[in-house]
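Chemist: The following block contains the structure, expressed as structure tokens.
The values are calculated or read from the model by the stated rules, or taken from the named source; none is laboratory data. Keep in mind that what you see is a predicted model, and the values were worked out from it rather than measured. Glycine gets a Cβ as well: all are built from the backbone with ideal geometry, and neighbour counts include every protein chain shown. Just so you know, the surface numbers come from the protein's heavy atoms only, side chains and all, with ligands and any DNA or RNA stripped out. Shrake-Rupley method; radii C 1.70, N 1.55, O 1.52, S 1.80 Å.
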Amino acid sequence: MKKGFVTIYVLLILLFLSISLAFVSRQVQSKNDLSKDLLTKKQAVYEAESRVNIFINDYENEIKEYILEDYKRLIDQSLSDVDHANAKEFYIDYNNSNKKIMLMRVIDSNIAPRKDKVYRVFEHIYYKNVTAEANIYLRARENILLSSEEILRYEDIKDELNKFEFKKDKIIHNEIPATSKENPYKGVIILDEDMTIDKDLYVEGILISKAKLDTKGKSIRVKGLVILDKGNENIEYEKDYGPIIDNIVNKTDLLELEILSSHSF
């Protein structure tokens with residue numbers, strides 16, 4: 001009987017050791033799996049961050065062109081504090097394959113005031129068995145030609161103005177075209193010399209007067225941008241991004257991009 005008791009005792013010890021070893025083995029395996037998952041997650045985040053950084057660094061003109069086009073659109077001011085509009089897909093060359101990047105206008109009071117024009121570069125990827133996301137938030141800084149809400153004085157901005165090239169097929173010099181409210185001149189009018197207006201002038205574009213402009217009681221109505229040497233009598237002016245952007249060749253120089261924040265997970 002004593003021998004039988006010893007046998008049972010030994011078997012219990014062996015069972016306990018077996019269970020302990022199995023538990024330790026599972027713990028080690030769990031730690032190994034967790035380490036692998038963490039490594040995979042880090043690799044996924046790295047992939048996502050790499051792609052958005054390439055887009056920011058190598059596709060600046062494409063980003064600016066998107067933003068300038070977005071300026072022409074109406075943004076729903078009822079968007080919530082965290083929302084987006086006008087999302088667009090872009091494709092970048094990454095490791096010899098095309099990868100999709102999203103760019104969109106956002107309104108997020110945690111990033112910047114609602115009045116600011118803020119854009120989100122966004123990448124969401126699946127890597128092995130995990131997902132990762134990378135975000136970069138940009139703010140567009142506008143040249144005075146875009147930012148000013150008032151009629152500009154030529155002497156104050158002539159050096160800045162010289163940085164821009166206007167589309168040649170849309171420019172007329174020292175000439176007042178025949179226009180009407182229904183048929184405005186769509187382009188750029190540049191007056192280098194004193195000029196007297198003998199008829200109402202309607203412009204959907206840019207009006208630049210470098211000398212004296214005498215309206216003689218006639219009306220000038222401009223939707224776009226007005227730059228005068230002095231005075232703005234009898235000029236009705238409505239600021240509009242579209243007619244400014246559409247008449248400038250090097251339009252991307254109208255913007256500078258500022259990174260507000262970035263985060264990945």
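Chemist: On a 29 Å Cα-Cα criterion, which of the cross-link pairs Lys100/Lys251; Lys115/Lys181; Lys99/Lys163; Lys64/Lys168 come out too long?
Modeler: Lys115/Lys181; Lys99/Lys163
Chemist: Further question on the same structure: Starting from the 7 Å offset along Cα-to-Cβ, what nm value, one decimal, do you get for the label separation of Asn61 and Ala87?
Modeler: 2.8
Chemist: Within region 211-259, list the trypsin sites (Lys or Arg not before Pro) lying in a DSSP loop whose Cβ has at most 13 other Cβ atoms in a 10 Å radius.
Modeler: Lys216, Lys230
Chemist: Multiply the residue gap between Lys186 and Ile151 by 0.36 nm, knock off their C-alpha separation, and tell me the result in nm, one decimal place.
Modeler: 10.8 nm
Chemist: Given 10 °C and 1.306 mPa s, compute D for region 182-225 with the Stokes-Einstein relation, Rh being the Kirkwood radius over Cα pairs; round to the nearest whole µm²/s.
Modeler: In µm²/s, the coefficient is 149.
Chemist: Roll a 1.4 Å probe over the protein chains and send me the accessible area per residue for region 154-221 in Å².
Modeler: Dividing the accessible area of region 154-221 by its residue count gives 56 Å².
Chemist: Given points 7 Å out from each Cα along the Cα-Cβ axis, report the Ile54 to Asp229 separation in nanometres with one decimal.
Modeler: Using points 7 Å along Cα→Cβ, the separation is 5.4 nm.
Chemist: Could I ask something else about it? What FRET efficiency comes out for Asp253 versus Ile125 if R0 is 51 angstrom and r is the Cβ-Cβ distance? Round to the nearest 0.05.
Modeler: Taking R0 as 51 Å, the efficiency between Asp253 and Ile125 is 0.95.
Chemist: Something else about it: If you count, for each residue, the other Cβ atoms within 10 Å and average over each peptide, how do 138-151, 165-178 line up from highest to lowest?
Modeler: 138-151, 165-178
Chemist: In percent, how large is the relative contact order of region 70-198, given Cα pairs closer than 8 Å and 6 or more residues apart?
Modeler: Reported relative contact order: 13 percent.
Chemist: In Å, what is the Rg of the alpha-carbon atoms in region 64-210, and how long is Dmax?
Modeler: 21.5, 74
Chemist: Another question, if that's okay. Using only the Cα atoms of region 133-214, each taken as one equal point scatterer with no solvent, compute I(q) by the Debye sum, divide by I(0), and report log10 of the ratio at q = 0.11 Å⁻¹.
Modeler: Cα-only, vacuum Debye calculation for region 133-214: -0.39.
Chemist: Full-extension gain between Ser97 and His173, please, as 0.36 nm times their residue separation minus the C-alpha to C-alpha distance.
Modeler: Stretched fully, the Ser97-His173 segment lengthens by 22.4 nm.
Chemist: What Kirkwood hydrodynamic radius, in Å, does region 163-265 give when the mean of 1/r is taken over all pairs of distinct Cα atoms and then inverted?
Modeler: 14.8
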